[in-house]
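Q: Please see the structure below; I have some questions.
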Amino acid sequence: MKVAIAHPDRATVSRLQTLLAEQPGIRVAWTADTAQRLLATCAVRTPDLLLMGLDFPGLAAGELTRRLMTASPCSILLLNQGCDPCFGRVFEALGQGAADAAVLPPAHSWNRPESWADLLNRLDTLRTLAGHGRKVPAARSPANAAPPRLRLPPVIAIGASTGGPRALAAVISSLPRELPATVVIVQHLDFHFTEGLAEWLNLSAALPVAALTGETRLEPGRIWVAARPEHLIVTDALTLGWTDAWPDLTIRPSIDVFFKSLAAHAPLRGGGILLTGMGRDGAEGLLALRRAGFFTVAQDEASSVVYGMPKAAAQLGAAETILPLDAIAGHIVRHVARLNAA
């Protein structure tokens, strides 16, 4: 995989070059320490993956990402350094099409291998999404639990990856405060940033949005964002929980694992939504939800930043409906009303 490094600090660039040279299957194609050099080089030598800092003088990270994705689209891993963390700049760049973000360790800990674990984990995830990582077995759905005698709210499961934060904001900002359903979001993002994502989404939502970090009951009128580096599942007690199973799945939390877990647990009902993203995560899970009686939606190509995951779902026949981004919230509201009236 061809990787480029763009960061205004030359010492950081040099250390990243050394780190990546030790990783099998990765070749550093070029480096850049100014935004101008980055844009010019990327236009003629577009990498498979770009590691990009947030702090180029004179050009905000969001605008720089927008220009790159317009002229030379590639997978971009944002490098957060110097603030704890810079949520505003990170989410603006993610909204423009950056794939993920990682936290760089402080310079005094660069010689400790464990300091680079976060960056290398995010790198492995993006390699898998882009098809450069090793194949892993499909996750197995949990065994069905005995259906309890209770009526739980519909569950609306939403999966997103590249371009997801902006797409998620567009959907949930259009959901009414009185929505009688539980909304659960799995966004491909370093878990260091997911609590910040929940806070950021909460600013534009009528429903309360919070980071999901522990075992939680399904309650109507709530939006949860998965915020741990384990896989999110539905437990046999019909709560939202976490598991260390499927350790070979590089993408954590996996959309497929959560969707399949939800589909496997009667009497739960609801819908599955697969938004913009690179790769195929969530497509098989969406198919499992459709087969279990959930309504299923994939975002259309025209409104997707990256038409990877929704396209895979459409090709599998997993999505009974293909919709533009601005039509998804209304579709959710109508189907939740139908489910609660049944």
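Q: Being among the β-branched types (Val, Ile, Thr) and surrounded by fewer than 19 Cβ atoms within 10 Å (Cβ to Cβ) is the filter; apply it to segment 207-243 and report the residue that is nearest to Ala170 (Cα to Cα).
A: Taking the candidates together, the pick is Thr213.
Q: Report the residue count in segment 198-225 for those that are closer than 23 Å to Pro267 by Cβ and either under 20 Å from the mean Cα position of the chain (by Cα) or hydrophobic (A, V, I, L, M, F, W, C) (or both).
A: Total meeting the criteria: 5.
Q: Still on this model: Which condition breaks for Leu287 when tested against (1) assigned to a helix (DSSP H, G or I); (2) in contact (Cβ under 8 Å) with a residue 60 or more places away in the chain?
A: Evaluating Leu287 over (1) assigned to a helix (DSSP H, G or I); (2) in contact (Cβ under 8 Å) with a residue 60 or more places away in the chain leaves (2) as the failure.
Q: Considering only residues that are farther than 30 Å from Arg112 by Cβ and open to solvent by less than 10 Å² (accessible area, probe 1.4 Å), look in segment 18-56 and name the one that is farthest from the chain's Cα centre (by Cα).
A: Only one residue tops the list, namely Ala35.
Q: Among all residue pairs at least 6 apart or on different chains, which show Cβ distances below 7 Å where the first residue, located in segment 57-73, is open to solvent by 60 Å² or more (accessible area, probe 1.4 Å) and the second is part of a helix (DSSP H, G or I) and of a type in the set (Gly, Ala, Ser)?
A: Gly58/Ala35; Ala71/Ala43
Q: Is segment 200-220 home to any residue that is touching a residue at least 60 places away in the same chain (Cβ under 8 Å) and small (Gly, Ala, Ser)?
A: The answer is no; no qualifying residue exists.
Q: Of the residues that sit in segment 1-45 and are part of a loop (DSSP other than H, G, I, E, B) and of a type in the set (Val, Ile, Thr), which one is modelled with the lowest pLDDT?
A: Of everything passing the filter in segment 1-45, Ile26 is modelled with the lowest pLDDT.
Q: May I pose another question? Just checking, how many residues over segment 295-316 are outside any helix (DSSP H, G or I) and either open to solvent by 30 Å² or more (accessible area, probe 1.4 Å) or in contact (Cβ under 8 Å) with a residue 60 or more places away in the chain (or both)?
A: Of the residues in segment 295-316, 10 are outside any helix (DSSP H, G or I) and either open to solvent by 30 Å² or more (accessible area, probe 1.4 Å) or in contact (Cβ under 8 Å) with a residue 60 or more places away in the chain (or both).
Q: Pull up segment 317-330, narrow it to residues that are open to solvent by 20 Å² or more (accessible area, probe 1.4 Å) and in a helix (DSSP H, G or I), then point me to the one that is nearest to Gly164 (Cα to Cα).
A: Top of the filtered list is Leu325.
Q: Would you mind finding the one in Ala292, Ala266 that is at pLDDT below 95 and either open to solvent by 10 Å² or more (accessible area, probe 1.4 Å) or under 18 Å from Ile332 (Cα atoms) (or both)?
A: After ruling out the rest, the residue left standing is Ala266.
Q: Shifting gears a bit: So in segment 1-55, with the set limited to residues that are of a type in the set (S, T, N, Q) and touching a residue at least 40 places away in the same chain (Cβ under 8 Å), which one is farthest from Thr128 (Cα to Cα)?
A: Looking at the filtered set, the residue picked out is Thr12.
The values are calculated or read from the model by the stated rules, or taken from the named source; none is laboratory data. Keep in mind that this is a model prediction, so the values were computed, not measured. Cβ sites come from the backbone with ideal geometry, for glycine too, and all protein chains shown count toward neighbours. For accessibility, only protein heavy atoms count, side chains too; no ligands or nucleic acids. Shrake-Rupley method; radii C 1.70, N 1.55, O 1.52, S 1.80 Å.
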